[in-house]
């Protein structure tokens with residue numbers, strides 16, 4: 001993703017090559033060449049090699065700077081479910097069981113513990129009309145999603161200025177209609193028809209998940225870690241050098257190369273905020289410094305494309321920067337001028353000053369008043 005700007009060219013120049021270097025004889029004098037990395041951080045000068053007389057045409061094309069990294073495909077977003085209340089576990093789900101809203105996840109004292117989707121736990125008994133809060137909102141949203149009529153949404157008034165609840169989200173008011181809907185749902189699902197919801201009767205998870213493993217056994221107390229869940233969607237976890245993650249954004253398209261060599265489209269779904277490793281994380285006196293990395297998560301656009309893979313190593317290609325229909329030449333066509341900047345050399349020896357843009361895959365974007373598509377220029381590669 002290297003970029004550089006140049007000054008007008010004059011005098012002798014140095015030939016720039018991605019992997020080799022050459023000598024160019026200009027005005028009867030030998031000029032040493034400098035090797036320039038087309039994509040990377042190391043751009044140290046290298047000794048000149050044997051000159052090449054080949055020429056190439058300035059081309060107009062799309063130029064994309066891409067990077068391919070290895071990632072691990074699997075079920076992501078693991079979370080641990082811990083039980084609440086008293087009693088013993090009397091029935092547990094099997095691994096790979098889908099977690100569905102309004103269905104039992106496990107049983108305590110032979111009573112089913114049902115699933116709600118959301119981000120607020122049931123932290124108190126809900127059975128008296130007039131109370132309000134985010135736990136009431138959770139109850140109302142889930143019952144409506146299950147097809148029950150909960151009546152008009154009754155939002156509680158915001159807390160008064162200076163009150164102890166100032167700044168807290170007021171949530172929904174618990175109404176008699178909502179409690180009646182709760183009782184109908186309890187009847188339809190074989191629960192005790194109490195018309196009341198108490199902690200431990202439902203378990204709240206972020207969304208449609210799958211059981212990935214069990215952490216408890218039958219007969220264990222419920223008030224401990226019961227099982228683990230992962231997302232039903234498969235994702236790929238990629239460790240990326242933190243310095244290279246800047247151009248990557250959530251929603252960016254990527255290409256996934258599967259073990260079968262088939263490629264499928266994907267997209268970036270999240271970029272980690274915590275840097276792992278790096279010099280600061282290394283032990284004092286460590287002989288080698290580790291790279292500072294960020295975890296990037298990508299998902300296939302069509303989950304069916306990886307339905308037969310449970311876990312696999314895949315290649316993920318990120319396109320960090322793209323230039324549409326720009327003038328390009330091989331990197332080996334560049335001359336680094338002694339006074340600074342870059343130029344191209346025509347077959348007759350004339351130098352043409354250019355500005356360089358994106359470097360990608362051995363090509364470089366060039367622009368300048370003296371260069372146009374189809375012009376022939378000298379190159380070493």
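Yes or no: the stretch 128-144 includes at least one residue that is under 17 Å from residue 180 (Cβ atoms), touching a helix residue (DSSP H, G or I) at 6+ places or on another chain (Cβ under 8 Å), part of a loop (DSSP other than H, G, I, E, B) and outside the structural domain of residue 215 (by TED's automatic domain parsing). Within the stretch 128-144, one or more residues are under 17 Å from residue 180 (Cβ atoms), touching a helix residue (DSSP H, G or I) at 6+ places or on another chain (Cβ under 8 Å), part of a loop (DSSP other than H, G, I, E, B) and outside the structural domain of residue 215 (by TED's automatic domain parsing).
Of all residues in the stretch 174-189, those that are more than 12 Å from residue 102 (Cβ to Cβ) and in a loop (DSSP other than H, G, I, E, B) total 2. For the stretch 247-270, filtering for residues that are modelled with pLDDT under 90 and buried (at least 16 other Cβ atoms within 10 Å of the Cβ) leaves 1. Inspection of the stretch 199-219 finds a residue satisfying the criterion of being out of contact with any strand residue (DSSP E or B) (no Cβ under 8 Å at 6 or more places or on another chain) and either modelled with pLDDT of 95 or more or not in a strand (DSSP E or B) (or both).
Name every residue in the stretch 353-370 that is touching a residue at least 40 places away in the same chain (Cβ under 8 Å) and surrounded by fewer than 18 Cβ atoms within 10 Å (Cβ to Cβ), in order of residue number. The answer is 355, 361, 362, 367. Taking the stretch 271-309 on its own, how many of its residues are at negative phi, at pLDDT below 90, surrounded by 11 or more Cβ atoms within 10 Å (Cβ to Cβ) and in a loop (DSSP other than H, G, I, E, B)? So the answer is 8.
The values are calculated or read from the model by the stated rules, or taken from the named source; none is laboratory data. Please read all numbers here as calculations on a predicted model, not as lab measurements. Here the Cβ is made from the backbone with ideal geometry for all residues, glycine too, and neighbour counts use every protein chain on show.
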